[in-house]
């Protein structure tokens, strides 16, 4: 999930990778565009992104929004519904990744 969350361009210099192939080679700097694994704040950024998307899209995707807000633990989302009809609506809505796709351009850290 981390690699699907874009970081604002002005913040990308804060997460660079320095790469050197051999002792005589020049150091190459890579600027990462997405949240990276292994950083202490990566889980926070991922969870906060999901929460913000859920709030932003609550009027359009109420069931998905509630699932994201109430059923997220770390980077897992577990959800259910009180009856079959609601469960099917939730399932069909979550198959359409519009709400999560919006996160790459609308949620910026």
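The values are calculated or read from the model by the stated rules, or taken from the named source; none is laboratory data. On a predicted model such as this, the values are computed, not experimentally measured, just so you know. Cβ: placed from backbone, ideal geometry, glycine included. Neighbour counts: every protein chain shown.
At a glance:
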item: One residue from 18, 90, 63, 69 being within 17 Å of the chain's Cα centre (by Cα) and either surrounded by fewer than 12 Cβ atoms within 10 Å (Cβ to Cβ) or not in a strand (DSSP E or B) (or both); result: 69
item: Members of region 65-105 that are touching a strand residue (DSSP E or B) at 6+ places or on another chain (Cβ under 7 Å) and modelled with pLDDT of 80 or more; result: 67, 68, 71
item: Residue ID - surrounded by the most Cβ atoms within 10 Å (Cβ to Cβ), chosen from residues in region 72-87 that are in contact (Cβ under 8 Å) with a residue 24 or more places away in the chain and assigned to a loop (DSSP other than H, G, I, E, B); result: 75
item: Residue satisfying all of: in region 37-51; touching a residue at least 12 places away in the same chain (Cβ under 8 Å) and in a loop (DSSP other than H, G, I, E, B); farthest from residue 68 (Cα to Cα) among these; result: 39
item: Filtered residues of region 21-36 (kept if more than 12 Å from the chain's Cα centre (by Cα) and touching a residue at least 24 places away in the same chain (Cβ under 8 Å)); result: 32, 33
